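Asker: My structure is below; once you've seen it, I'll send some questions.
The values are calculated or read from the model by the stated rules, or taken from the named source; none is laboratory data. Please read these numbers as outputs of a predicted model, since none were measured by experiment. With ideal geometry, Cβ positions are generated from the backbone for all residues, glycine too; neighbour counts draw on all protein chains shown.
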Amino acid sequence: MSENQIPVTARASNIEYAIRDVVVPATALEAQGHEILKLNIGDPIAYPGLPTPEHMVDAYVNALKDGRNGYSHSYGLPELRDAIAEDEHNKGWNATADDVYICHGVTEALQIIFAATLSQGDIVLAPGPHYPPYMAYPQGYGAETVEYRLKPDDGWKIDFDDIESKMNESVRLLVIINPNNPCGNVATEDEVDRLLSIASKWPNCMVIADEIYDGLDFTGHQVSVASRSKKVPVFSLNGVSKVYYAPGWRIGYMAIHDPTGRMNLVRDGIERMLRSRLCASTPAQLGYLAGLTSDRTWMKGYRQKVIAQRDLCLDRIDAIDGLEVQSPGGAFYMFVKLTDERWAQDDKQFVLDLLHQEHVLVVHGSGFSANLGKGHFRIVYLPSVEILNEAFDRIGRFLQNNR
Ligand SMILES: Cc1ncc(COP(=O)(O)O)c(C=O)c1O
């Protein structure tokens with residue numbers, strides 16, 4: 001490699017994405033012929049028993065065969081926007097198709113929201129720990145992500161005093177991920193109301209409600225944030241990736257709830273950005289449409305499988321010296337505490353040593369928050385029961401051997 005490298009921007013080189021960064025050493029081990037037990041990636045399709053429902057796949061395939069291979073409208077196919085508006089309406093607020101914008105996943109929706117709302121010196125107030133893009137992207141617009149605390153010993157509930165102490169004029173976006181990745185916490189209606197009441201004191205603050213795991217709420221208490229907001233502008237984010245088991249299709253949406261009509265300029269900026277990047281995949285939108293407009297009883301079986309695997313992992317973790325966990329109320333992650341002092345101080349080393357010694361891949365907690373996630377690791381509990389049991393045997397052995 002030449003020494004005269006062409007410079008890269010800080011906005012790109014500062015990006016870290018822990019979930020995929022740990023895949024690099026794992027791939028190197030695989031290249032040497034080792035088999036890795038992977039509990040790292042939040043992709044249900046990477047694990048057995050949770051395939052994309054057939055009627056959705058058929059709709060996608062039929063769209064291809066029927067020649068629906070052109071660009072769609074930049075804001076999304078009208079019939080899909082209608083179906084999503086109806087779905088959001090059923091979650092309790094007066095969404096219309098015009099409020100819905102289809103993106104290449106929630107991830108693209110986030111990029112567009114950040115680009116349209118953040119300037120130099122602005123703040124995104126996001127939960128800690130959090131899904132990494134909430135930290136990675138805002139800095140690209142000169143903004144900064146500040147974390148509010150989720151309580152590690154109290155089910156990862158939101159620490160409202162911490163939010164209140166961090167609110168100021170610069171906070172443009174207050175984020176709630178509900179159910180949460182990586183902790184699995186589900187906020188109750190009262191908690192959502194409390195968050196909105198804090199945001200309502202700051203006129204330029206909008207709420208991002210990332211509800212991509214809302215169909216994987218095991219508490220029965222999950223509510224749509226937009227449905228509770230009478231004043232505060234809310235971006236509701238959701239999509240096909242998690243609850244409809246098709247993350248590779250890259251389809252998600254933002255739905256804008258603007259109860260007091262203050263988002264016209266932001267909306268115009270968002271629409272301009274959407275038009276400039278043409279559109280989301282047309283056949284994939286039709287696949288999602290089939291999911292939204294068909295019977296959803298199949299979801300029950302999927303949820304039951306996920307809950308059974310959660311319970312298995314809770315039992316296994318409970319029996320391993322050196323691990324503790326708060327039972328997650330939703331999504332398919334556990335954020336496990338390392339109680340041995342050595343690993344509590346260096347969760348990344350734990351992940352790397354576990355990978356090299358036992359060939360089990362998990363993600364270090366500090367990758368989800370340097371301060372509030374350290375001393376933890378995240379697992380996805382979707383692998384088969386056999387793999388999960390084998391992984392916990394190995395994790396237990398690793399902790400014993402490295403004490
Ligand atoms: C909280 C959260 N939001 C968004 C995403 C990504 O969504 P999409 O696949 O729609 O880009 C994930 C994926 O893991 C996530 O955990």
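A quick yes/no check of all residues on (1) in the same structural domain as Leu382 (by TED's automatic domain parsing); (2) closer than 18 Å to Gly373 by Cβ; (3) more than 17 Å from the chain's Cα centre (by Cα); (4) within 16 Å of the ligand (Cβ to nearest atom):
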| position | (1), (2), (3), (4) |
| --- | --- |
| Ile176 | no, yes, no, yes |
| Lys201 | no, no, yes, no |
| Ile208 | no, no, no, yes |
| Ile212 | no, no, no, yes |
| Asp217 | no, no, no, yes |
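Asker: Taking Asn204 as meeting all but one of (1) without any contact (Cβ under 8 Å) to a residue 40 or more places away in the chain; (2) in a helix (DSSP H, G or I), write down the number of the exception.
Answerer: Failing condition for Asn204: (2).
Asker: Collect the residues in the stretch 230-258 that are under 18 Å from Asp87 (Cβ atoms) and either in a helix (DSSP H, G or I) or without any contact (Cβ under 8 Å) to a residue 40 or more places away in the chain (or both), keeping them in residue-number order. So that I can check it myself, show each step before the final result.
Answerer: As a first pass, look at the stretch 230-258 and keep what is under 18 Å from Asp87 (Cβ atoms): 234-246, 249, 251-257.
Answer for the stretch 230-258, where residues must be under 18 Å from Asp87 (Cβ atoms) and either in a helix (DSSP H, G or I) or without any contact (Cβ under 8 Å) to a residue 40 or more places away in the chain (or both): Val234, Trp249.
Asker: Here is a further query. Output the residues belonging to the stretch 94-128 that are within 16 Å of the ligand (Cβ to nearest atom), small (Gly, Ala, Ser) and either in contact with a strand residue (DSSP E or B) (Cβ under 7 Å, 6 or more places away or on another chain) or at pLDDT below 95 (or both).
Answerer: Hits for the stretch 94-128 are Gly105, Ala109, Ala126, Gly128.
Asker: Within the stretch 76-94, identify whether any single residue is exposed (fewer than 13 other Cβ atoms within 10 Å of the Cβ) and over 22 Å from Ser236 (Cα atoms), and answer yes or no.
Answerer: No.
Asker: Something else about it: Just a yes or no: is a residue in the stretch 232-247 surrounded by fewer than 20 Cβ atoms within 10 Å (Cβ to Cβ) and either within 11 Å of the ligand (Cβ to nearest atom) or more than 19 Å from the chain's Cα centre (by Cα) (or both)?
Answerer: The answer is no, given that none of the residues of the stretch 232-247 is surrounded by fewer than 20 Cβ atoms within 10 Å (Cβ to Cβ) and either within 11 Å of the ligand (Cβ to nearest atom) or more than 19 Å from the chain's Cα centre (by Cα) (or both).
Asker: Those residues that are within 16 Å of the ligand (Cβ to nearest atom) and part of a helix (DSSP H, G or I), I need them from the stretch 65-87; list them, please. Even if it seems obvious, please write down each step before you answer.
Answerer: First pass over the stretch 65-87, keeping only residues within 16 Å of the ligand (Cβ to nearest atom): 76, 80, 84, 87.
Correct list: Leu80, Ile84, Asp87.
Asker: Can you find, within the stretch 138-168, the residue that is nearest to Pro233 (Cα to Cα) among those that are buried (at least 19 other Cβ atoms within 10 Å of the Cβ) and in contact (Cβ under 8 Å) with a residue 60 or more places away in the chain?
Answerer: If we take residues in the stretch 138-168 being buried (at least 19 other Cβ atoms within 10 Å of the Cβ) and in contact (Cβ under 8 Å) with a residue 60 or more places away in the chain, then Glu147 is nearest to Pro233 (Cα to Cα).
Asker: May I ask you to verify whether Asn62 is out of contact with any Gly (no Cβ under 7 Å at 6 or more places or on another chain), assigned by TED's automatic domain parsing to the domain that holds Ala284, loosely packed, with under 15 Cβ neighbours inside 10 Å and not in a helix (DSSP H, G or I)?
Answerer: Working: out of contact with any Gly (no Cβ under 7 Å at 6 or more places or on another chain): yes; assigned by TED's automatic domain parsing to the domain that holds Ala284: yes; loosely packed, with under 15 Cβ neighbours inside 10 Å: yes; not in a helix (DSSP H, G or I): no.
Here the answer is no, as Asn62 does not meet what is asked.
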